[in-house]
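Take a look at the structure below.
Readers should treat all values here as calculations from the given coordinates under stated rules, not as data from a laboratory. Computed from a predicted model, the values in this text were never measured in an experiment. Reconstructed Cβ throughout: ideal geometry from the backbone, glycine too, with neighbour counts over all protein chains shown.
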Amino acid sequence: MKKRILITGGAGNIGGSLSRRLVLDNDNHITIVDNLLTGSTDNLPDKKYTNWRYINSNVNDYSDISPIITSGSFDIIFHYAALVGVHRTLAHPKMVLDDIDGLKNIMSLAKNTGVKRVLFSSSSEIYGEPVEIPQVEATTPLNSRLPYAIVKNVAEAFCKAYHLEYNLNYTIFRFFNTYGPLQSNDFVMSRFIRQALGNKNITIHGTGEQTRTFCFIDDNLDATLLAMNEDHWLNDVVNIGSDVEISVVDLAKKIIELTSSKSNIVHIEAREEGDMTRRQPDISKMRHVLKRDLISLDKGIMLTVDSIVTRQRSS
């Protein structure tokens, strides 16, 4: 069955990876929208596939995105466009808040053009400093003052409100640190790997005792595409991530070991904000749908390393 699909933020890490996966099915017709503020055209699908197009557009500008959606007859919208990266979101809080306009544009245009479902990329940041571990979807304490977390919380409320008011279906993905070959250096995993491959110092804010979980991109894509194709988590919220917790300093040590790097670990000043002490989601809903084990951290790191090295050699 043919699907017309719009991906906003489709030149980013997750959006670009999603685009590359979706074009493999000729029944999917993909429109990718990205203003390249944090994305890259290098992340777009191979031009040998003819079932996709890319449009440079700012989702936060109604006059920019409106003609694309009104003429697109989309069945599905993946709304992944957002200002991302800890440093960038802390440095530009007003730009983060502007993403509320993008969400409003997507939802209003979707309900007026017959879109069947909006799949939205929320974030682990919505949990703020955890009040319980593991973090479950039913618990959403907004105890973070950061604009990024506030915007994601507001966006989730919009999804739920548009369903109640206009019967527009949604699925909310709360992403926990998804990494892979297309991830930029704005994120801890990709930064550590590239520093290790270059035998450069691996820099850690503070002691590095703060913990995170890391989800390889294939696990993310398998879960989100099952959600689209089999109507999992319809009008619901789901954590998408790994539940294997590791400290940031231990992650750096692991990457040094796996890459046989000569890098040293250097501790720099801790961030004043934006560095929560722990992250560990309850992913029982995700596991139930995947019906398989997640890719191990070691394997995911090496798959990412191999891809980065291959791209460096060919460039």
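Structural remarks
- Restricting the trypsin sites (Lys or Arg not before Pro) of region 250-315 to loop positions (DSSP other than H, G, I, E, B) with no more than 13 neighbouring Cβ atoms within 10 Å leaves 262, 271, 291, 292.
- Vicinal HN-Hα couplings computed from phi for region 20-31 (Karplus, 6.51 cos²θ - 1.76 cosθ + 1.60; Hz; Gly/Pro x): 5, 6, 5, 5, 5, 9, 5, 7, 8, 10, 10, 10
- Value of relative contact order over the chain, rounded to a whole percent, pairs C-alpha under 8 Å and six or more apart: 16
- Full extension of the chain segment joining residue 113 with residue 287 gains 59.3 nm, where the gain is 0.36 nm per residue of separation less the Cα-Cα distance.
- Sorting 29, 288, 267, 163 from the fewest to the most surrounding beta carbons within 10 angstrom yields 288, 267, 163, 29.
- What the phi angles of region 181-193 give under the Karplus curve with 6.51, -1.76 and 1.60, with θ = phi - 60°, is a coupling list of x, 8, 6, 7, 6, 6, 10, 4, 4, 5, 5, 4, 4 Hz, glycine and proline written as x.
- Relative exposure of 257, 269, judged by other C-beta atoms within 10 Å (fewest first): 269, 257
- Loop-resident sites, region 3-47, for trypsin sites (Lys or Arg not before Pro), counting at most 10 other Cβ within 10 Å (DSSP): 47
- Each Lys and Arg Cβ is given +1 and each Asp and Glu Cβ -1; about its Cα centre, the chain then shows a dipole of about 760 debye.
- Proximity of backbone amide H atoms, modeled 1.01 Å from N, is registered between residue 61 and no other residue at under 5 Å, excluding neighbours fewer than 5 places apart on the same chain.
- Angle in degrees between helix 62-72 and the longest Cα principal axis of the chain, rounded to the nearest 10: 70
- ³J(HN,Hα), Karplus 6.51/-1.76/1.60, whole Hz, each residue of region 73-81, x for Gly, Pro: 6, 7, 8, 10, 10, 9, 9, 10, 5
- Scanning residues 5 or more positions from residue 123 or on other chains, those with amide H under 5 Å from its amide H are 175, with H placed 1.01 Å from N in the peptide plane.
- The sum of -39500 (n - 2.57) across all DSSP H runs of n ≥ 4, divided by the residue count of the chain, sets its helix-only mean residue ellipticity at 222 nm to -12500 deg cm²/dmol.
- For residue 205, distant residues with modelled amide H under 5 Å away: 268
- Here the spin labels are modelled as points 7 Å beyond Cα on the Cα-Cβ line, and at residue 100 and residue 311 they lie 3.4 nm apart.
- Relative exposure of 1, 302, 189, judged by other C-beta atoms within 10 Å (fewest first): 1, 302, 189
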